[in-house]
1. Cross-link list LYS40/LYS157; LYS112/LYS152; LYS40/LYS197; LYS85/LYS197; LYS7/LYS197: which exceed 23 angstrom alpha carbon to alpha carbon?
2. Between ARG116 and GLU156, what FRET efficiency follows from the Cβ-Cβ distance if R0 is 30 Å, with the result rounded to 0.05?
3. For LYS152, LYS7, what's the largest-to-smallest order of accessible area, 1.4 Å probe?
4. Between LYS40 and THR80, with labels modelled 7 Å along Cα→Cβ, what's the label distance in nm to one decimal, could you check?
5. For SER136, what is the net charge nearby, where nearby means another residue's Cβ is under 15 Å from its Cβ and Lys, Arg count +1, Asp, Glu -1?
6. Taking all protein chains in place and a 1.4 Å probe, what share, in percent, of the accessible surface of the range 51-97 do carbon and sulfur account for?
7. Report CYS109's accessible area, 1.4 Å probe, all protein chains in place, as a number in Å² to the nearest 10.
Amino acid sequence: MTLNAEKTVFMNVLINHRHKYEEPITLNGNIEISPSVLVKFLGVYIDDHLNFSQHVDNIVYSTYSRFSLLRQLRVLGMNTDGLLKYYCANIRSLIIYGAPAWFFLLNDCDIKRLERIQRSATRTILPELSYEYRLSFLELPTLHDFIFGLSKRHFEKIADDATHPLFKPYTQNHGRMSPRCSTIFRPKICKSQKPAKFFFPLTVRIQFCHPNDSECKNKNLTN
């Protein structure tokens, strides 16, 4: 098998922002390919520092036209239930695509930008209420809690299926339970905060936390 140089990209993932590796690689003996700082993979923009800010930019930009249609539907008299279904199917679905893999790696500013999308959408549906009352009336969780629940359910699906391709990366305690939580899975020891927010080490720690259990959730998401 030979690589197509015109369609080949590579990227050095650097957790430490102070380090840079810009050396190109050579294909077919004479074609040099420089490292990319941003790659789109399966619809997700991945940058070389795993910040995913560019992906958030793309989400915000992509929701503009969908917001316009949401407002038009409200003007035309669509009821609250219909507007809510439109938001969940066409706007929130765009936000949460692949979110368990990248959402918890975002900085606070980007998380607020995504939450602002839901805030604006619910304001279009129920402009007379505050955000907290809008969520209560529409029975919507915050985006953070919703994605937290998605991550937990995705973990449980993997953990219950030994044939799942992602089952092997989980390290298990054979013969004893974890002393810190009632699970046979052993949380991976991470030397810095960034790797601790990756899907595998994060979901092992949060699997038995309830989305509304702020003390447990905050402890696991910030460590």
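The values are calculated or read from the model by the stated rules, or taken from the named source; none is laboratory data. Predicted, not measured: the structure shown is a model, and the values here were computed from it. Using ideal geometry, Cβ is built from the backbone for each residue, glycine included, and neighbour counts are taken over all protein chains shown. For accessibility, only protein heavy atoms count, side chains too; no ligands or nucleic acids. Shrake-Rupley method; radii C 1.70, N 1.55, O 1.52, S 1.80 Å.
1. Details: LYS40/LYS157 27 Å; LYS112/LYS152 21 Å; LYS40/LYS197 21 Å; LYS85/LYS197 31 Å; LYS7/LYS197 31 Å.
Cα-Cα > 23 Å for LYS40/LYS157; LYS85/LYS197; LYS7/LYS197; rest within.
2. Numbers: r = 30 Å, r/R0 = 1.00.
Computed FRET efficiency for ARG116 and GLU156 comes out at 0.50.
3. Working: LYS152 45, LYS7 170 Å².
Of LYS152, LYS7, the descending order of accessible area is LYS7, LYS152.
4. Distance between the two pseudo-spin positions: 3.8 nm.
5. Working: positive: ARG119, ARG123, ARG134; negative: GLU128, GLU132, GLU139, ASP145.
Here the count lands on -1.
6. Details: 1400 of 2610 Å².
On the range 51-97, the fraction of accessible area on carbon and sulfur atoms equals 54 percent.
7. Rounded to the nearest 10, that gives 80 Å².
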